[in-house]
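**Student:** Take a look at this one; I'll ask things after.
The values are calculated or read from the model by the stated rules, or taken from the named source; none is laboratory data. Everything numeric here is computed off the predicted structure, so don't read it as measured data. Cβ placement follows ideal geometry from the backbone for every residue including glycine, while neighbour counts extend to all protein chains displayed.
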Amino acid sequence: MPRIQSRLLAAGCLAAMAAVARLLPHPQNFTPVGGLALFAAATCRSPWNAVLLTLAAMAASDAVIGWHALVPVVYVALALTVPLGRWLRPRQRPLPILAATVGAAIVLFLISNLGVFLFQDLYPRTAAGLMSCYVAAIPFLLNSVLGNIAWSALLFGAGAMLERCGLVPADPSLSG
């Protein structure tokens, strides 16, 4: 199997694992999807493949979990984490991965809660209402950060293990 196809297949298998894991009981916002977006963007040649894998995992699990009004907002936020993963391509070490996982959680937090403020009638349409919306969502931010850290560690670790075992060839475009 050509190098690019086997890397994409491995990323696809990990995306499927993330979709299934999202169906298992977990604390709210402690999901694999942020880690998947970072991992896919860091390992897929095409950023579009990374977006596709991430959103496909979300759509597959949302088809089971159920759809909600903010799905488009959440999907846009996840797609916007892909540039952080692209930044990781040549930097797949613990500290840069940690920084990107926190950044991805913050992107999701800012965009999804802006969506809550704009598209749901939970808060008054004032600066104080927007601030209340963000303050109320802080516990979800913590779970997102912790979930991103745990799942990024698992996905990047699994990817590195597959490379070391020779099951997935290393990406020559990442060698120094």
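**Student:** Given the conditions (1) buried (at least 18 other Cβ atoms within 10 Å of the Cβ); (2) within 11 Å of the chain's Cα centre (by Cα); (3) of a type outside the set (Lys, Arg), and given that Ser112 satisfies all but one, which numbered condition is not satisfied?
**Tutor:** (2)
To keep it simple, each residue is scored yes or no on (1) within 17 Å of Arg22 (Cβ to Cβ); (2) surrounded by 17 or more Cβ atoms within 10 Å (Cβ to Cβ).
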site: Leu53; (1), (2): yes, yes
site: Ala63; (1), (2): yes, no
site: Trp67; (1), (2): yes, no
site: Pro72; (1), (2): no, no
site: Val76; (1), (2): no, no
site: Gly85; (1), (2): no, yes
site: Leu88; (1), (2): no, yes
site: Arg91; (1), (2): no, no
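**Student:** With the structure loaded, tell me whether Ala69 is in a loop (DSSP other than H, G, I, E, B) and either more than 21 Å from Arg45 (Cα to Cα) or over 13 Å from the mean Cα position of the chain (by Cα) (or both) or whether it fails that test.
**Tutor:** Yes; evaluated as a whole, the condition is true for this residue.
**Student:** In addition: What helices (runs of 4 or more DSSP H) completely inside the range 74-176 contain at least 3 residues that are under 16 Å from Ala11 (Cβ atoms) and in contact (Cβ under 8 Å) with a residue 40 or more places away in the chain?
**Tutor:** 82-88, 138-164
**Student:** Out of all the residues in the range 36-54, is one or more free of Cβ contacts under 8 Å to residues at least 12 places away in the same chain and basic (Lys, Arg)?
**Tutor:** No, the range 36-54 contains no residue that is free of Cβ contacts under 8 Å to residues at least 12 places away in the same chain and basic (Lys, Arg).
**Student:** Which of the following residues is within 28 Å of Arg125 (Cβ to Cβ) and in contact with a Leu (Cβ under 6 Å, 6 or more places away or on another chain): Ala100, Ala77?
**Tutor:** On inspection, the qualifying residue turns out to be Ala77.
**Student:** Okay, next question. Which condition from (1) modelled with pLDDT of 90 or more; (2) farther than 20 Å from Leu162 by Cα is the one that Gln28 breaks?
**Tutor:** Only one criterion is unmet by Gln28, namely (1).
**Student:** I would also like to ask the following. How many of the residues in the range 116-169 are among the hydrophobic types (A, V, I, L, M, F, W, C) and under 20 Å from Ala16 (Cα atoms)?
**Tutor:** Selection size over the range 116-169: 13.
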